[in-house]
Amino acid sequence: MIKLSLRLQTIADLVSKEDNVIDVGCDHALLSIYITNKYQKKVYASDLREGAIKQAEKNIKKYNIEGIVLKQGNGLEIVSNKKINTVIIAGMGCQTIINILNNPKRKQLSKLLIQSNNDYYSLRKKICHLGYYIYEEKIIKDGHYYLIIDFRKGKKKYNYQDYYFGPILRKNKSRTYINYYKYLLNQKISIKHNIPNKYFLKRYKLSKEINRIKKEIN
Ligand SMILES: C[S@@+](CC[C@H](N)C(=O)[O-])C[C@H]1O[C@@H](n2cnc3c(N)ncnc32)[C@H](O)[C@@H]1O
């Protein structure tokens, strides 16, 4: 069977048999191929780019997989089957992810598996404001650090620290989590060091972040 990267495997492991999945921004479609093969059920896969769809078609042929419905188009606009209840959006920036979710078709989705490349604070806050809560979170190192969040329909109350660090990640405080924030801390300290004193506000904001991270991991 297809061997996924640790990042894609971590996402795949959050999919369960009941999920009717659309992988938005599937690119090579390796994740869709893996899920279709594992559960022997239909998976929808889409991408904005023709090049990605062509590559996905090649891979589907290569692995001789049946049951992937491949569509070219923007975000959730191509969703036509009311049974789809789970979306995977991985490898994109926070704002692109939010733009994709700001579509009325989101309402049929009870589970969102999200791997953003940046801005986890805004991501968590904005998706929770859309009517979801954080059911599960994973942090892994696969060359880079990656955070993968499983959102489910419903409401939970979170504070600033929860949105910033992740309510589940900060509760578990795994070794990878601590190492990630140590890495981020050093990065921010070195950025601050290189900002001239006259940029007071920038330095002040960074100091606040540095203190927040120090408090969290110490
Ligand atoms: C960096 S790739 C990630 C591919 C795959 N999801 C992964 O995690 O390995 C991002 C993909 O998302 C696609 N994409 C970006 N915005 C999109 C949108 N609004 N709708 C559909 N696909 C989109 C891009 O064309 C690209 O193929």
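The values are calculated or read from the model by the stated rules, or taken from the named source; none is laboratory data. Keep in mind the model is a prediction, meaning the values are calculated, not measured. Here the Cβ is made from the backbone with ideal geometry for all residues, glycine too, and neighbour counts use every protein chain on show. Ligands, DNA and RNA are excluded from the accessible area calculation, which covers all protein heavy atoms including side chains. Shrake-Rupley method; radii C 1.70, N 1.55, O 1.52, S 1.80 Å.
Between 73, 143, 154, where does the largest GNM mean-square fluctuation fall for the chain, given springs only between Cα atoms within less than 10 Å? Result for the chain, Cα springs under 10 Å: 143 fluctuates most.
Taking the Cα atoms of region 173-218, the ratio Rg/Rh between the radius of gyration and the Kirkwood radius comes to 1.05.
Taking 0.36 nm per residue of separation and subtracting the current Cα-Cα distance, fully stretching the chain between residue 103 and residue 16 would add 28.9 nm.
Normalised per residue, the accessible area of region 6-165 is 48 Å², obtained with a 1.4 Å probe and no contribution from ligands, DNA or RNA.
Once the piece of chain linking residue 172 and residue 63 is laid out straight, how much longer is it, given 0.36 nm per residue of separation minus the C-alpha distance between them?
35.5 nm
A Cβ-based charge dipole, computed about the Cα centre of the chain with Lys and Arg at +1 and Asp and Glu at -1, lands at about 920 debye.
In this structure the amide hydrogen of residue 132, modeled in the peptide plane, comes within under 5 Å of the amide hydrogens of 154, none closer than 5 places in sequence on its chain. The label-point distance for residue 130 and residue 5, in a model that sets each label 7 Å from Cα toward Cβ, rounds to 2.3 nm.
Structural size metrics of region 135-203, computed from C-alpha coordinates, are Rg and Dmax of 15.3, 46 Å. Each label was represented as a point 7 Å from its Cα along the Cα-to-Cβ direction; for residue 217 and residue 191 these points are 1.4 nm apart. Peptides 121-133, 99-111 ordered by packing proxy, namely the average of other Cβ atoms within 10 Å per residue, highest first: 121-133, 99-111. For residue 205 and residue 142, the FRET efficiency from 1/(1 + (r/R0)^6), where r spans their Cβ atoms and R0 equals 25 Å, is about 0.25. What region 173-218 shows is 75 Å² of accessible area per residue, with the surface traced by a 1.4 Å probe over protein heavy atoms.
Per-residue ellipticity at 222 nm computed for the chain from its helices equals -13500 deg cm²/dmol, with DSSP H segments shorter than 4 residues left out and the rest contributing -39,500 (n - 2.57). Residues in region 147-157 carry Karplus couplings, in order, of 10, 10, 10, 9, 9, 10, 5, x, 10, 8, 8 Hz; the curve used is 6.51 cos²θ - 1.76 cosθ + 1.60 with θ = phi - 60°, and Gly or Pro positions show x. For region 57-160, the fraction of alpha-carbon pairs lying more than 22 Å apart is 37 percent, rounded to a whole number.
The trypsin sites (Lys or Arg not before Pro) of region 157-218 meeting both criteria, a DSSP state outside H, G, I, E and B (loop) and at most 14 other C-beta atoms within 10 angstrom of the site's C-beta, are 157, 173, 198.
Most simply put, the chain has about 45% antiparallel DSSP beta bridges, counting only bridges with both residues inside it. Take the Cα of residue 42, step 7 Å toward its Cβ, do the same at residue 183, and the gap between the two points is 4.0 nm. As an equivalent ellipsoid, the chain spans semi-axes of 34, 18, 17 angstrom, where each value is the square root of five times an eigenvalue of the C-alpha gyration tensor, largest first. Roughly how many percent of the accessible protein surface of the chain is carbon and sulfur, given a 1.4 Å probe and a whole-percent answer? Summing carbon and sulfur atoms, their accessible area is 49 percent of the total for the chain. For residue 69, the residues whose amide H sits under 5 Å from its own are 43, 44, 45, ignoring neighbours fewer than 5 places away on the same chain, with H placed 1.01 Å from N.
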